[in-house]
Amino acid sequence: MAYKISDACIACGACAEGCPTNAISEGDGIYVIDADACIDCGACAEACPVEAPAAE
């Protein structure tokens, strides 16, 4: 199950920096996760200061 970033995202980029598979990229105002590349490791959730990434 891939992670998804909620509207709580403040576009700081912390999640993208912590992603070991580079599955996260900057979207339109918030970051987005490529579900096919996500390995469900939770590194993005740990790095996020506003808890925007969560398991779907």
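Listed values, structure above:
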quantity: The chain - mean residue ellipticity at 222 nm from DSSP helices (-39,500 (n - 2.57) per run, n ≥ 4, rounded to 500); calculated: -3500 deg cm²/dmol
quantity: J(HN,Hα) series, the stretch 44-56, from Karplus relation 6.51 cos²θ - 1.76 cosθ + 1.60, nearest Hz, glycine and proline x; calculated: 5, 5, 5, 7, 6, x, 10, 6, 6, x, 8, 5, 6
quantity: The stretch 18-34 - phi-based ³J(HN,Hα) in whole Hz, Karplus 6.51/-1.76/1.60, Gly and Pro as x; calculated: x, 7, x, 10, 6, 7, 10, 9, 6, x, 8, x, 9, 7, 10, 10, 6
quantity: Convex hull volume per residue in cubic angstrom - Cα atoms of the chain; calculated: 63
quantity: Cysteines having no other Cys beta carbon under 4.7 Å from their own, within the chain; calculated: CYS9, CYS12, CYS19, CYS38, CYS41, CYS48
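Bear in mind that the values in this text are calculations on the coordinates, not laboratory data. Keep in mind it's a predicted model, so treat the numbers as computed, not measured. Here Cβ is always computed from backbone atoms with ideal geometry, including for glycine, and neighbour counts include all displayed protein chains.
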